[in-house]
Amino acid sequence: MIVLTPEESRDLDRRTIEAGTPSEVLMQRAAAAVFDFLRQRFDLAGERISVVSGNGNNGQDGEIVARMLRDNGFALHEESPALIVDAILGTGLRGAAAGAALDKIRWINSNASAKVVAIDVPSGLGSGGEHVRAHHTIAIGTLKPVHVLPPWCDACGEVTVVDIGLLPAESSLHQLDAPRLATRKRDSHKGDYGHVLVIGGSPGKSGAAAMCGMAALRSGAGWVTVTAETQYPELMSAGFPPPLEGKTVVAIGPGLGMDHVALVRQLYSECPLPLIVDADALNSLAGWEFPEPPAPRILTPHPGEFRRLAPLDDRLESARKFAAGSGATVVLKGHRTIVAHPDGRAYVNPTGSPAMAKAGSGDILTGMIAGLYAQEPGDEAVHAAVWLHGKCGELGERVWTDRCLIATDLLNFLPDAIRSAN
């Protein structure tokens, strides 16, 4: 799903109007979509509803919503509301909210027990000042950066995009959508789904390689070989360094340690297979001038590992810049993981949970990327793995809470994550 900056969004509005759709029609459609959302999500007959509007286009949307509510027999209240519609400020705000708009923002936030639904964006969000904290945000036409990027996305609550008939648009920034994995043919055999090689698992760290290997296998790879002895009978083992013959994808780094810098750099430079690089393999590339890779390279750093490779200021732009300069796809892990491709495209992942902040979660992701890439090489495999990994965390949190989930639990929720996507 595309994400448009406020400037791109306004340009899209302009082009749609110039193409023959009056602005009044777009505004009416936006208000109708908000009204439909309210009617579907809430028992409006039993709610004390307040619509708080401003002076701009966002405020006009709010006034139309208020009229629709009254015309359908729903009373509006200015005191002690249980449901508040925020229509004070839109995406055109320059600088922090002030004056009457700021007073209204503070009033909304003071009603702590009320459910807040923001039209397009929570008022004031992204301006550097005070802003509304919403439970639901109805994005008009397209997503905007504040809907998908931290810390602003945390103030949006659940985001719903509504179609108001804007022209098609393109953007280099997207939010990852739920993947649809291909159905397997009935006469499949393991050779159809690739052979993943996991290089890692130094003494005392064999578990990291094993988790990576099992994640690749659970993700559907036909074969998985790891350079560590494991307790999993489904995983094959190989000596070190392992042969590449017969392999489809190589994942290097989980539990590898820092004794193999030369090997990591040689494989990065020369390996003819897709290479997923994680953990100490990433650290082995610190301070190195990245060569043009002979095959796809996918780097999966957390912020600390990324900082050893390049400066990390703005997460999105830093990932984009490094991907463009290195020729590798960068999966910058964390809250709202970013996938940046060398051609400038970037994707923000909406799934995930703080329950995943445990050792081993990254090893699981590396294995999932490798497993899916072995079956269907390409960017979509990376996107699917990142989305499903986060979804496993969300589902796992419901069972194990945000404290008790551990990395290997994630794979138990992969089947449900796949079903929820398909």
Quiz item: Can you tell me which residues in the range 195-229 are surrounded by fewer than 24 Cβ atoms within 10 Å (Cβ to Cβ) and either under 16 Å from Val250 (Cβ atoms) or in contact with a strand residue (DSSP E or B) (Cβ under 7 Å, 6 or more places away or on another chain) (or both)?
Solution: His195, Leu217, Gly222, Trp223, Thr225, Thr227, Glu229
Quiz item: With (1) part of a loop (DSSP other than H, G, I, E, B); (2) in contact with a helix residue (DSSP H, G or I) (Cβ under 9 Å, 6 or more places away or on another chain); (3) open to solvent by less than 30 Å² (accessible area, probe 1.4 Å) as the list, and Ala295 as the residue in question, which single condition is left unmet?
Solution: (2)
Quiz prompt | Criterion (part of a strand (DSSP E or B) and surrounded by 15 or more Cβ atoms within 10 Å (Cβ to Cβ)) met by exactly one of Ser50, Ser9 | solution = Ser50
Quiz item: Can you name the residue in the range 12-47 that is assigned to a helix (DSSP H, G or I) and of a type in the set (S, T, N, Q) and is also surrounded by the fewest Cβ atoms within 10 Å (Cβ to Cβ) among such residues?
Solution: Gln40
Self-check item: Set Leu365, Leu410, Leu372: member being within 19 Å of Gly253 (Cβ to Cβ), modelled with pLDDT of 95 or more and touching a strand residue (DSSP E or B) at 6+ places or on another chain (Cβ under 8 Å)
Solution: Leu365
Quiz item: Only one of (1) within 23 Å of Asp278 (Cα to Cα); (2) in contact (Cβ under 8 Å) with a residue 12 or more places away in the chain fails for Gly378. Which number is that?
Solution: (2)
Quiz item: Inside the range 108-141, can you point out the residues that are out of contact with any strand residue (DSSP E or B) (no Cβ under 6 Å at 6 or more places or on another chain) and within 22 Å of Val25 (Cα to Cα)?
Solution: Val121, Ile140, Gly141
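Here's the yes/no breakdown for (1) out of contact with any Gly (no Cβ under 9 Å at 6 or more places or on another chain); (2) closer than 20 Å to Val159 by Cβ; (3) open to solvent by 10 Å² or more (accessible area, probe 1.4 Å); (4) in contact (Cβ under 8 Å) with a residue 40 or more places away in the chain:
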residue	(1), (2), (3), (4)
Val330	yes, no, no, no
Val348	yes, yes, no, yes
Leu372	no, no, yes, yes
Gly393	no, yes, no, yes
Quiz item: Of these, Asn58, Asn72, which one is of a type outside the set (A, V, I, L, M, F, W, C) and either open to solvent by 30 Å² or more (accessible area, probe 1.4 Å) or in contact with a Lys or Arg (Cβ under 9 Å, 6 or more places away or on another chain) (or both)?
Solution: Asn72
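Could you list, in sequence order, all residues of the range 101-137 that are free of Cβ contacts under 8 Å to residues at least 24 places away in the same chain and open to solvent by 50 Å² or more (accessible area, probe 1.4 Å)?
Passing the criteria: Asp103, Ser110, Ala112, His135.
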Quiz prompt | Residue list for the range 298-311, filter: touching a residue at least 24 places away in the same chain (Cβ under 8 Å) and part of a loop (DSSP other than H, G, I, E, B) | solution = Thr300, Pro301, His302
Exercise. Kindly establish whether Arg315 is open to solvent by 50 Å² or more (accessible area, probe 1.4 Å), free of Cβ contacts under 8 Å to residues at least 12 places away in the same chain and either under 26 Å from Leu411 (Cα atoms) or under 23 Å from the mean Cα position of the chain (by Cα) (or both).
Key: no
Quiz prompt | Subset of the range 350-370 (residues that are in contact (Cβ under 8 Å) with a residue 60 or more places away in the chain and of a type in the set (A, V, I, L, M, F, W, C)) | solution = Ile364, Leu365, Met368, Ile369, Ala370
Practice problem: Report yes if some residue within the range 279-286 is assigned to a loop (DSSP other than H, G, I, E, B), more than 15 Å from Thr329 (Cα to Cα), touching a helix residue (DSSP H, G or I) at 6+ places or on another chain (Cβ under 8 Å) and small (Gly, Ala, Ser); otherwise report no. | Solution: yes
Self-check item: Count of residues meeting criterion [open to solvent by less than 20 Å² (accessible area, probe 1.4 Å) and either among the charged types (D, E, K, R) or touching a Gly at 6+ places or on another chain (Cβ under 8 Å) (or both)] in the range 374-388
Solution: 2
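Return the only residue of Gly325, Gly334 being modelled with pLDDT of 95 or more and in a helix (DSSP H, G or I).
Checking each option against the conditions leaves just Gly325.
Conditions (1) surrounded by 23 or more Cβ atoms within 10 Å (Cβ to Cβ); (2) basic (Lys, Arg); (3) free of Cβ contacts under 8 Å to residues at least 12 places away in the same chain, marked per residue:
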{"residue": "Phe240", "(1), (2), (3)": "no, no, no"}
{"residue": "Glu245", "(1), (2), (3)": "no, no, yes"}
{"residue": "Val249", "(1), (2), (3)": "yes, no, no"}
{"residue": "Met258", "(1), (2), (3)": "no, no, no"}
{"residue": "Leu263", "(1), (2), (3)": "no, no, no"}
{"residue": "Leu267", "(1), (2), (3)": "no, no, no"}
{"residue": "Leu273", "(1), (2), (3)": "no, no, no"}
Practice problem: Report those strands (runs of 3 or more DSSP E) wholly inside the range 80-162 carrying at least 1 residues which are among the acidic types (Asp, Glu) and under 17 Å from Leu38 (Cβ atoms). | Solution: 83-87, 158-162
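The values are calculated or read from the model by the stated rules, or taken from the named source; none is laboratory data. Predicted model only: the values in this text are computed from it and were never measured. Note that we place each Cβ from the backbone using ideal geometry, even for glycine, and neighbour counts take in every protein chain shown. Areas reflect the complete protein model, heavy atoms only, side chains present, ligands, DNA and RNA absent. Shrake-Rupley method; radii C 1.70, N 1.55, O 1.52, S 1.80 Å.
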